[in-house]
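A.B. asks: Got a structure here, written out as structure tokens. Questions coming.
Where a number appears in this text, it was derived from the coordinates with a stated rule and is not lab data. Please read all numbers here as calculations on a predicted model, not as lab measurements. Every residue, glycine as well, gets a Cβ built from its backbone with ideal geometry; the counts of neighbours run over all protein chains shown.
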Amino acid sequence: MNKGVAITGMGIISAIGNNVAENYASLISGKKGISKIFQIETVHKDEIMVGEISDTNPVLEKRLDVSENQWSRTVLIGCLAAEEALKNAVITKINDVRTGLISGTTVGGMDKSEQYFYDYFEHPEVRQHITGLHAGDSTKKIAKHLGLEESFVTTISTACSSAANAIMLGARMIKSGQLDRVIVGGTDCLSKFTINGFKTLLILSDTYSAPFDDNRKGLNLGEAAAFLVLESDEMVKKENKKVLAYVKGYGNANDAYHQTASSEHGDGAVLAMEKALKVAGMQSSDIDYVNAHGTATPNNDLSEGRALIRLFDEKVPEFSSTKAFTGHTLAAAGGVEAVYSVLALQNNIMFPNLNYKTQMKEFDLTPITQVTKKPLRNVLSNSFGFGGNCSTLIFSKEA
Amino acid sequence: MKKSVYINSVGSVSAQKTFDNSHFLEDIFNHNDTVLSIIAPDYREYIPPAAARRMAKGIKMSTVSAKTAMTEAALEENEIDAIIVGTGLGCIGDSEKFVIDIIDNDEQFLTPTRFIQSSHNTVAGQIALGMGCKGHNFTYVHSVISFESAVLDAKMQLENDEANHILVGGVDELVDHHVDTHRLIGHIKQEAVETMAVLSSGTQGAVFSEGAHFFVLSNEKRPSCYAELLAVETYNTLSQDEVSEKVALFLSKNKFTLDTVDVVILGNNGDVEFDGYYNELAKGIFKNTCQAYFKHLSGEFDTASGFGFWLANQILKHQYVPKAVRLNSVETTSPKTILIYNQYRGENHSLTLLRKC
């Protein structure tokens with residue numbers, strides 16, 4: 001097998017918890033974070049359910065000790081998750097070795113841009129948000145908050161696979177010796193922009209989303225930020241670091257089928273999973289559990305299910321989508337599910353696919369619906385996005 | 001053993017007439033404005049009119065630029081292993097219109113097209129779709145190092161032989177609300193300035209523009225080869241008094257010295273507040289080096305450094321530095337090594353090193 005890249009820290013904030021421990025507690029107690037939206041004033045509030053982080057911006061600002069209304073919510077939650085990841089990795093001097101930050105986001109500062117779009121002209125006091133529209137601005141602010149200087153800091157935006165791709169780039173940079181340490185993941189807050197965008201695509205569910213269920217009605221949008229700290233073997237050895245798990249495989253492919261829909265048989269997904277297995281030096285039979293993309297849209301779950309059957313040659317291992325807990329957190333999803341994959345490995349536990357009742361007509365696939373114990377060695381996590389973007393990560397206990 | 005990385009072709013659509021690779025800045029278009037639009041090619045020569053009508057400006061520019069690069073490299077579409085794009089704001093025009101529709105129509109009567117195109121990775125996705133390229137497809141969106149991030153990603157894959165040919169590009173389009181709001185905060189110059197007088201404007205802010213630059217990067221040299229890509233590094237922060245030291249360190253890491261740089265290309269945009277970074281190098285360690293600049297021609301935008309990269313490649317291929325981009329009077333007869341330094345408003349610095357192939 002090929003060598004993996006060590007994960008030494010992780011941090012998360014989502015609708016099911018403000019940190020890793022709270023997220024884990026919700027996952028194993030089946031506590032979902034889906035509700036009616038209460039922090040965004042939208043005409044659709046009675047027609048949709050979302051995974052909203054409970055704290056309001058003023059509360060988040062207080063936790064971070066930053067001034068009022070200077071940052072997008074994407075930045076606020078990103079800072080909290082990245083801070084937790086660094087703390088978990090016991091990093092106090094961030095600039096003492098070559099450290100990078102790679103964040104995935106699609107929304108960036110859109111929450112503020114849409115709020116003040118016309119106000120900028122009459123209200124100088126909100127003009128701090130003008131440059132916040134740049135997706136990269138959120139990453140810049142997180143880097144500054146963490147005190148990262150003269151470093152490699154970049155942003156990836158490949159729609160809903162952004163954070164997975166950030167993790168992939170980070171792992172590649174560590175492997176190729178360009179960085180000693182890198183903070184990777186993603187952050188996206190809820191916005192009217194995404195709510196209305198997905199609404200026009202007719203893929204928002206008006207109730208709790210039910211991934212891989214025959215009667216699934218679409219997705220619940222969510223908001224979250226999640227980051228991992230990846231470190232080189234030299235760093236792990238030098239600082240005697242505790243390794244949580246390894247990024248063992250990664251693959252990105254393009255479906256090259258349609259701008260927003262997945263191909264009928266999941267060609268891009270199969271390619272991404274095959275690439276990840278190849279990088280990991282594994283066979284599909286080495287995978288013990290799949291954290292599926294599973295958005296609960298008719299198109300995704302059919303395409304992904306078929307891709308799983310193709311890859312695993314009918315012997316699909318236990319799988320589930322955790323999006324019924326958190327909602328689809330867009331760019332952050334790959335980061336959120338990376339944290340959940342590591343938690344699965346650490347605890348030898350697979351998380352339930354909530355709200356599942358009826359098997360899909362098209363194939364014989366049933367996700368796990370209960371918290372299930374199983375010795376896990378390797379977990380595969382999928383993230384797919386607009387633009388045909390398909391990404392797969394494989395997390396392992398052993399290097 | 002790491003493989004060498006070559007830039008085998010270039011494609012550009014910019015505020016100058018750069019879309020035709022048979023010319024190299026022979027005629028300069030003299031703008032006199034604070035915001036520059038691209039000099040558009042005849043899109044009908046590249047894109048079926050029915051398709052072009054539905055396309056955002058950024059996609060159209062990118063399609064032309066990418067096709068130019070593909071044609072010049074003489075590669076079949078199925079030989080491209082990956083597509084990597086840098087863009088500060090993606091198809092911002094569609095995002096802007098979607099926001100306007102949401103606000104003005106109180107979230108009703110919306111259609112999905114604008115939302116779909118507003119995704120930052122629309123350009124990379126559309127090119128992949130058009131070419132049927134199922135390989136690695138990334139989009140970087142980090143201000144003025146968006147393009148450099150894409151180059152760095154490609155370089156890593158080519159060096160490690162994970163890919164043989166990669167289409168790498170940078171694109172940004174200019175739209176009204178973005179311009180209007182950036183005027184409010186002084187990031188755009190208040191008074192029009194002539195192209196050749198941008199650096200002596202003595203005012204704050206930059207002249208904004210747009211453009212698309214695509215290149216085929218490979219780990220084998222093709223007959224069309226422009227240059228070898230030696231190194232690229234980016235830094236999120238850097239103070240003005242550390243720039244010279246950082247450049248020297250970057251060169252020494254790559255086994256070069258200051259004297260072995262034949263041409264240094266600087267990203268001056270005529271903003272008196274931030275050009276000091278460039279002046280530091282121009283008046284200091286590169287005082288005796290042939291200096292070039294380009295943002296008076298290209299204007300400033302997140303992926304303007306794509307124009308700088310294009311310029312470096314053209315200089316190495318044509319073996320001369322056009323008069324319109326000369327920053328000082330130091331001559332160079334046969335340029336072999338070029339260093340590009342870029343930053344915007346004191347942030348997101350990048351160094352790129354190229355060598356004649």
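A.B. asks: Out of the GluC sites (Glu not before Pro) in segment B:125-201, which ones are loop residues according to DSSP with at most 14 other C-beta atoms within 10 Å?
C.D. replies: Here the sparse-neighbourhood loop sites are B:191.
A.B. asks: Go through segment B:40-99 and name the GluC sites (Glu not before Pro) that are in a DSSP coil and have 11 or fewer other Cβ atoms within 10 Å of their Cβ.
C.D. replies: When the GluC sites (Glu not before Pro) of segment B:40-99 are filtered for loop state and at most 11 Cβ neighbours within 10 Å, B:76 remain.
A.B. asks: Continuing with this model, one more query. Calculate, axis by axis, the spread of Cα positions in the protein assembly as shown along the three principal axes, and write the results as whole Å, longest axis first.
C.D. replies: Largest to smallest, the principal-axis extents are 75, 58, 52 Å.
A.B. asks: Please compute the average number of Cβ atoms from other chains found within 10 Å of each residue's Cβ in peptide A:254-266.
C.D. replies: Mean shielding by partner chains, rounded to a whole number: 4.
A.B. asks: Oh, and also: Can you pull the one-decimal nm distance between simple spin-label points at residue B:249 and residue B:204, each 7 Å off the Cα toward Cβ?
C.D. replies: According to this spin-label approximation, the distance is 3.1 nm.
A.B. asks: Moving on. Could you sort out which of A:140/A:323; A:140/A:275; A:3/A:397; A:93/A:238; A:241/A:275; A:192/A:217 sit more than 23 Å apart by Cα distance in this structure?
C.D. replies: Violating the 23 Å Cα-Cα cut-off are A:140/A:323; A:140/A:275; A:241/A:275.
A.B. asks: Decide, for segment A:1-76, between rounded, prolate and oblate: order the square roots of the alpha carbon gyration tensor eigenvalues as a ≥ b ≥ c, take rounded if a/c falls under 1.5, and otherwise choose prolate if a/b is larger than b/c, else oblate.
C.D. replies: Cα axes put segment A:1-76 in the oblate bin.
A.B. asks: Could you derive backbone 3J(HN,Hα) for segment A:41-49 from the dihedral phi with the Karplus parameters 6.51, -1.76 and 1.60 (θ = phi - 60°), listing whole Hz in sequence and x where the residue is Gly or Pro?
C.D. replies: 7, 9, 5, 8, 4, 8, 9, 10, 10
A.B. asks: Once the Cβ-Cβ distance between residue A:64 and residue A:127 is put in as r, and R0 is 22 Å, what FRET efficiency do you end up with, to the nearest 0.05?
C.D. replies: Efficiency for this residue pair is about 0.55.
A.B. asks: Using θ = phi - 60° and the Karplus relation 6.51 cos²θ - 1.76 cosθ + 1.60, list the HN-Hα couplings for segment A:208-214 in order, rounded to whole Hz, with x at every Gly or Pro.
C.D. replies: Calculated HN-Hα couplings, in order: 5, 5, 10, x, 6, 9, 4 Hz.
A.B. asks: Taking all pairs of different Cα atoms in segment A:247-396, averaging 1/r and flipping that mean, what Kirkwood radius in angstroms comes out?
C.D. replies: One decimal place: 14.9 Å for the Kirkwood radius.
A.B. asks: Using the per-residue mean of other Cβ atoms lying within 10 Å as a proxy for protection, in what order, highest first, do the peptides B:291-302, A:83-94, A:360-371 fall?
C.D. replies: Top of the packing list down: B:291-302, A:83-94, A:360-371.
A.B. asks: Next question, about the same structure. HN-Hα J couplings of segment A:371-376 from phi, Karplus 6.51/-1.76/1.60, θ = phi - 60°, integer Hz, Gly and Pro as x?
C.D. replies: 4, 10, 8, 6, x, 10
A.B. asks: Hey, another quick one. What is segment A:281-354's relative contact order, in percent, from Cα pairs under 8 angstrom and six or more apart in sequence?
C.D. replies: 34 percent
A.B. asks: Turning to a different aspect of this structure: Tell me which of A:343, A:280, A:395 sits at the most positive position along the dipole axis of segment A:247-396, charges placed on C-beta atoms (Lys, Arg +1; Asp, Glu -1).
C.D. replies: A:343
A.B. asks: Taking only the alpha-carbon atoms of segment B:230-356, what semi-axes of the equivalent ellipsoid follow from 5 times the gyration tensor eigenvalues under a square root, in whole Å, largest first?
C.D. replies: 19, 17, 14
A.B. asks: Now, a different point. Would you please give the residues with an amide H less than 5 Å from that of residue B:231, counting only those at least 5 places away or on a separate chain, with H modeled from the backbone geometry?
C.D. replies: B:353
A.B. asks: Given labels modelled 7 Å from the Cα in the Cβ direction, how far is it in nm from residue B:196 to residue B:32?
C.D. replies: Spacing of the two 7 Å Cα→Cβ label points: 1.3 nm.
A.B. asks: Would you mind telling me the antiparallel percentage of the DSSP bridges in segment B:5-218, rounded to 5?
C.D. replies: For segment B:5-218, the DSSP antiparallel bridge percentage is about 60.
A.B. asks: Just tell me how shielded A:191-198 is by partners: mean number of partner chain Cβ atoms within 10 Å of each residue's Cβ, no decimals.
C.D. replies: Mean number of neighbouring Cβ atoms from other chains: 5.
A.B. asks: With the calculation restricted to Cα positions, what are the radius of gyration and Dmax of segment B:106-205 in angstrom?
C.D. replies: Over segment B:106-205's Cα set, Rg and Dmax evaluate to 18.8, 51 Å.
A.B. asks: If I take R0 = 35 Å and measure r between the Cβ atoms of residue B:220 and residue B:51 in this structure, what FRET efficiency does the formula 1/(1 + (r/R0)^6) give, to the nearest 0.05?
C.D. replies: It comes out at approximately 0.60.
A.B. asks: For peptide A:125-136, what's the mean number of Cβ atoms from other chains within 10 Å of each residue's Cβ?
C.D. replies: Mean number of neighbouring Cβ atoms from other chains: 5.
A.B. asks: While we're on this one: Give the relative contact order (percent, whole number) for segment A:85-232; include only Cα pairs under 8 Å separated by 6+ residues.
C.D. replies: It rounds to 30 percent for segment A:85-232.
A.B. asks: Once you have the Cα-Cα distance between residue B:44 and residue B:105, take 0.36 nm times their residue separation minus that, and quote the gain in nm to one decimal.
C.D. replies: 18.5 nm
A.B. asks: Restricted to Cα positions, what overall size does chain A have along the principal axes? Three whole-Å values, descending.
C.D. replies: 61, 54, 39
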